[in-house]
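One structure is given here, and the rest of the page talks about it.
The values are calculated or read from the model by the stated rules, or taken from the named source; none is laboratory data. Predicted model only: the values in this text are computed from it and were never measured. No Cβ is skipped: glycine too gets one built from the backbone with ideal geometry, and neighbour counts run over all protein chains shown. For the accessible areas, the whole protein counts, side chains as well, though only heavy atoms, and no ligand, DNA or RNA atoms are used. Shrake-Rupley method; radii C 1.70, N 1.55, O 1.52, S 1.80 Å.
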Amino acid sequence: MKDLYRLARTAVWLAFFGAIYQELRKPDAERTWHGKVAGVVPYDFRLPTFERLREAYWNPESDEIFSDRVFGVGWAVNIPVAARRVAALVDQYADASRSLRGPKKKRSSSRVSE
């Protein structure tokens, strides 16, 4: 598990330095400070705005769980969409486990009414 953590941390640092290198290679007039490293990992070093924060982290109309991060390197989690998907998985699991258990049997009372 420790090796996986180190691998992930190294990948994040490589993406971070790759994004900075990619921007510094451009002429000053062409630097936007946002884009994708190797066409895959998004980065954005501009100052975040409330609208971009809301769009990345709270956009219930979207169907995407992951969106471009507002500041830094990587992806943001769209919370309402992620919550919907988790709720759907929980419901699916509950339905499947209910069907595996079969119908409920009534318990007969061991007490005799007096």
- Message: Can you tell me how many residues within the range 59-74 are under 13 Å from ARG84 (Cα atoms) and within 14 Å of the chain's Cα centre (by Cα)?
- Response: 6
- Note on the structure: Conditions (1) in a loop (DSSP other than H, G, I, E, B); (2) more than 15 Å from the chain's Cα centre (by Cα); (3) at negative phi -> GLY39 fails only (3)
- Task: Scan the range 71-81 and give yes if some residue there is of a type outside the set (Lys, Arg) and either exposed (fewer than 10 other Cβ atoms within 10 Å of the Cβ) or free of Cβ contacts under 8 Å to residues at least 12 places away in the same chain (or both), otherwise no.
- Result: no
- On the given criteria, is ALA56 under 16 Å from the mean Cα position of the chain (by Cα) and at pLDDT 90 or above? yes
- Residues located in the range 53-70, provided they are open to solvent by 90 Å² or more (accessible area, probe 1.4 Å) and either hydrophobic (A, V, I, L, M, F, W, C) or under 30 Å from TYR21 (Cα atoms) (or both): TRP58, GLU64, PHE66, ARG69
- Have a look at PHE17, PHE50 and point out the one that is loosely packed, with under 15 Cβ neighbours inside 10 Å, among the hydrophobic types (A, V, I, L, M, F, W, C) and within 29 Å of ARG85 (Cβ to Cβ). PHE50
- Which of the residues belonging to the range 48-107 are in a helix (DSSP H, G or I) and in contact with a Phe, Trp or Tyr (Cβ under 7 Å, 6 or more places away or on another chain)? ILE79, PRO80
